[in-house]
Amino acid sequence: MSGGSLGIRSGSYGSLDKQGLNGVLPIQAASATRTKAYSKMLKEKETLIHWICKFAGRKKVGMLLLCVISAAVFVWVVYFGEDQENDNGSKVNDNLALNNPLINVVQSIRIDNWTSLAVSVKETKVGVMHPPPPSYFLGYTLPPGHPCNTFTLPPPPADKKRTGPRPCPVCYLPVEEAVALMPKVPSFSPVIKNLTYIFEENLNRETEFGGSDFGGYPTLKQRNDSYDIRESMNMHCGFVKGRKPGRGTGFDIYDSDLLEMEQCNGVVVASAIFGAFDVIQQPRNISEYSKQTVCFYMFVDEETEADLKGRYENNKIGVWRIVLVRDLPYTDGRRNGKIPKLLLHRLFPNARYSLWIDGKLELVADPYQILERFLWRKNATLAISRHYKRFDVFVEAEANKAAGKYDNASIDHQVEFYKREGLTPYSEAKHPITSDVPEGCVIIREHIPISNLFTCLWFNEVDRFTSRDQISFSTVRDKIAAKTNWTVNMFLDCERRNFVIQKYHKDVLALLAQRAPPVIYPPPRPVLAPPLPPYMANDSQRKVPPRRRRDRKSGARHHRKVSKEIV
């Protein structure tokens, strides 16, 4: 093997033994003809230099030569240096792809302030060099042979007695692998890049219909404009009266809690209990890493906080940090619950991902496993489970009316309004959309402009119409998808039931406790008969002869029957 193949550079392109004996270069004598030509060229050069110096002077000639040399060096650096930089950049991308085949991202520099680029932009003969595009997370695929690639749902158990919804198995990655796959950069937000929110001190309450002080009473024109999705948008998104969410806006929170919420810059798991309606459920199967890095927040009102008095210290119950909310903007507790459910990106402005679960649910899987399974692996920015039985908005509306979930006239008004806008019953023609009705007790999402826009618009519909968010979900989703080709990952309801367990509301638990039979503990001992006297005890040991009369009658009957059969 030659030295060149080992990366050892010699003094010339050839090998040393070809340069001469003992590594010494042979000396060649110059001919007379070459000497004469060289002396003639030297005289001509001296004549040119003397001619230039005669008119310009030696100092000016030296400056001229220095400028020429500097220009040559600059041109060499610009052309050859950029080529080398581009080559190195492509190699970095290849190395990243080889080192981690699960992650495929565009390696570039994200620059938000374009005005600061004036100094770094290079003007060359080719043109103006623009900065590279922003970097985004583009998803990944699990390596071939991974168990989750071949995982399929088993058939439902053949249990005819249980026909309702039930959980099904889900292929999660170990917590360590899920954490390692957490994207380093945000996902792509189609069309919209900047989203700002309206602040109004003096509200105009004279609108066509609906609205509230908390939502800002947007007009019908403002509603329609909010669905005209652009790169930069200014819209209503709750907390309209105050300059900062949670401070003088309705749904007010103490400054100490707001400061803690602003410090949450990773993953937040949030829930809420208002009106002491539920019992706080502690999450299970949570890794130590998640306990240290994930923010667990439980929002409660004053009634719930009074019910919890004496059960927590330092504003915590288990992993949950208890946040007291004052000045609730609605009289309807369900509508108040929609504020943290749909507007977590406003309450946690620095969080990257959020997992919302209703107060009646118990979380039984690690948050990083849930995010990896339903967001990162699917390259989605918002995921929600579909209803286990109903897929059509019209059917869902009738079910809400039958169950008395809301005023029937208000539900009919909302459905008729959506019909005039083009809402149609669900059918297979809407595929790949699998349902128009979600099971909204769990929402998994990434906080980027497009998903924030979706939840803002969804909240505005809840603020304007009824609090039944299942009715307005598909309208908001389809309007955004028509302009951006963005949609929601709607997974199976049985998969949702795999990582959350639904508990009873507090009133139902009290009712079940009243109906349950009383439990007597310890059970009473059996009552023993008093002992018999000795003479009766001896008599009781004697054998009692059978009654003959009864036996004779039974025997006679038996013989009569037999005799009849013989005849």
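Quick rundown of the values:
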{"read-out": "Three semi-axes of the equivalent ellipsoid, region 267-510, Cα gyration tensor, whole Å, largest first", "value": "29, 22, 16"}
{"read-out": "Options 433, 472, 325, ranked by Cα towards positive dipole end of region 267-510, top entry (Cβ charges)", "value": "433"}
{"read-out": "Length released on extending from residue 326 to residue 176, taking residue separation times 0.36 nm less the Cα-Cα span", "value": "50.1 nm"}
{"read-out": "Shape category assigned to region 242-359 from the gyration tensor of Cα positions, a/c cut at 1.5", "value": "oblate"}
{"read-out": "P(r) histogram, all alpha-carbon pairs of region 197-240 included - 5 Å bins from 0, percent", "value": "5, 24, 32, 25, 11, 4"}
{"read-out": "Cα convex hull of region 348-406 - mean projected area over all directions, nm²", "value": "6.3 nm²"}
{"read-out": "Net lengthening on full extension, residue 148/residue 230 (0.36 nm per residue, minus Cα-Cα)", "value": "25.7 nm"}
{"read-out": "Apportionment of accessible area to carbon and sulfur, region 267-510, percent (1.4 Å)", "value": "47 percent"}
{"read-out": "Range of Cα positions in region 379-420 per principal axis (Å), largest first", "value": "40, 24, 14"}
{"read-out": "Of all DSSP beta bridges in region 267-510, antiparallel share, percent nearest 5", "value": "50 percent"}
{"read-out": "Filter on 244/341; 221/479; 341/503; 184/483; 184/341 - keep pairs with C-alpha separation over 21 Å", "value": "184/483; 184/341"}
{"read-out": "Distance in nm between pseudo-label sites at residue 412 and residue 350 (7 Å out along the Cβ direction from Cα)", "value": "5.2 nm"}
{"read-out": "Ranked by how many other beta carbons lie within 10 Å on average, peptides 467-477, 170-180, 386-396 from highest", "value": "467-477, 386-396, 170-180"}
{"read-out": "Per residue value of the accessible surface for region 267-510 (all protein chains in place, 1.4 Å probe), Å²", "value": "38 Å²"}
{"read-out": "Convex hull (Cα only) mean projected area of region 135-282, reported in nm² to one decimal", "value": "16.1 nm²"}
{"read-out": "Region 267-510: relative contact order as a whole-number percent, Cα under 8 Å and 6+ apart", "value": "27 percent"}
{"read-out": "Cα-based convex hull volume of region 314-393 per residue, rounded to whole Å³", "value": "169 Å³"}
{"read-out": "Cα centroid separation - region 413-440 against region 350-408, whole Å", "value": "17 Å"}
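The values are calculated or read from the model by the stated rules, or taken from the named source; none is laboratory data. Predicted model, so just to flag it, every value in this text is computed and none were measured. All Cβ positions, glycine included, derive from the backbone under ideal geometry; neighbour counts span all protein chains shown. For the accessible areas, the whole protein counts, side chains as well, though only heavy atoms, and no ligand, DNA or RNA atoms are used. Shrake-Rupley method; radii C 1.70, N 1.55, O 1.52, S 1.80 Å.
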